[in-house]
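Reading through the structure tokens given below for one structure.
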Amino acid sequence: MTYCVGLRLDRGIVFASDTRTNAGVDNVSVFKKMHIWERKGERLLVLLSAGNLSVTQSVVSLLNERLHVAADGSEPSLMTVETMFQAARLVGQTVREALVDQDEAAKENPGLFSASFIFGGQIEGDIHRLFLIYQEGNFIEATKDTPYFQIGEHKYGKPILDRVTVAPMRMGEAAKLVLISFDSTLRSNLSVGLPIDLLIYRKDTLTIGEQRRIEAEDPYFRKLSHAWSEALRDAFARIDEYEALDAGGPPPISLVPSKPSAKEEA
């Protein structure tokens, strides 16, 4: 399985993806799910992928092929489109094309060929933008009301994002938030695993701000995981306890009717 997050803020975008791909508990592999196209000073585009590996790899391969086929500008590519919206449309069209190549198999087993993508970045002259692209090729864009997208095994990492995300966050805060979301997911789902690929993009720079792979022994991630567990325990202890009846209180109310006494029967 997979877990990927894209978080769009006033200051930029944070991208993160795990790298685990498995076909059973005894067949676990590592595949990169973060794909980057960069021309410094002009554009930075990032694609996160989840779902059927043959579909997602086909999409990335087709996008890369178009960079060379469309070098003369006769056809659009990620390096020639002029806006992020046009780039998202191109990715969506490519997703549909990849699925057509596997049409017969997909019709027989549609659940096996599902795929979804988070796509974002910035092109010179446009603002930084983030999109969620479905396997049908259609997409939606992140807004201030919905500033982040998740794909894959997202349910365990969603609560912290819902409670904490605010658009004016600093990028360091946002990276911490995303990694806590990953820590929660890793603890609750064995199909998501380290390493984690993390990329921080600061708006209007048109280049990668920071990119790193977080391994199992990463000092910061280990410290963050421990600190988050301790903070949760401390917060739990500070919340007022439920006022349950103790042994010295009145007897509990019985919902079972009592047997009438002999006097009542008389």
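The values are calculated or read from the model by the stated rules, or taken from the named source; none is laboratory data. Here the structure is a predicted model, which is why all the values come from computation and not from measurement. For neighbour counting, all protein chains shown are included, and Cβ atoms are generated from backbone atoms with ideal geometry for every residue, glycine included. In case anyone asks, the SASA skips ligands and DNA or RNA and just uses the protein heavy atoms, side chains included. Shrake-Rupley method; radii C 1.70, N 1.55, O 1.52, S 1.80 Å.
To the nearest 10, the accessible area of Val100 is 100 Å² with a 1.4 Å probe. Counting heavy atoms of the protein chains alone, Tyr134 has an accessible area of about 80 Å² for a 1.4 Å probe.
A simple charge model with +1 on the Cβ of Lys and Arg, -1 on the Cβ of Asp and Glu and nothing else charged puts the dipole of the range 3-224 at about 880 debye relative to its Cα centre. Taking every alpha-carbon pair under 8 Å whose residues sit at least 6 apart, the range 163-247 reaches a relative contact order of 20 percent. By accessible area, using a 1.4 Å probe on protein heavy atoms only, the range 3-224 has 50% of its surface on carbon and sulfur. Heavy-atom accessible area with a 1.4 Å probe sorts Phe85, Phe236, Phe149, Phe139, largest first, into Phe236, Phe85, Phe139, Phe149. Entry comment: accessible area of the range 3-224 is 47 Å² per residue, from protein heavy atoms only and a probe of 1.4 Å.
Could you calculate the FRET efficiency of Thr205 with Ile140 from 1/(1 + (r/R0)^6), where r is the beta carbon distance between them and R0 is 41 Å, rounded to 0.05?
Working: r = 25 Å, r/R0 = 0.62.
Efficiency for this residue pair is about 0.95.
Of the residues Glu42, Glu210, Glu243, ranked by 1.4 Å probe accessible area with the largest first, the sequence reads Glu243, Glu210, Glu42.
Take the cross-link list Lys33/Lys144; Lys40/Lys155; Lys155/Lys203; Lys155/Lys176 and give me the ones stretching past 24 Å between alpha-carbons. Violating the 24 Å limit, Cα to Cα: Lys33/Lys144; Lys40/Lys155; Lys155/Lys203.
Heavy-atom accessible area with a 1.4 Å probe sorts His226, His68, His128, largest first, into His68, His226, His128.
Full extension of the chain segment joining His68 with Glu42 gains 7.5 nm, where the gain is 0.36 nm per residue of separation less the Cα-Cα distance. When the Cα gyration tensor is reduced to axis lengths a ≥ b ≥ c, the ratio a/c is 1.5 or higher for the range 3-224, and with a/b not above b/c it is classed as oblate.
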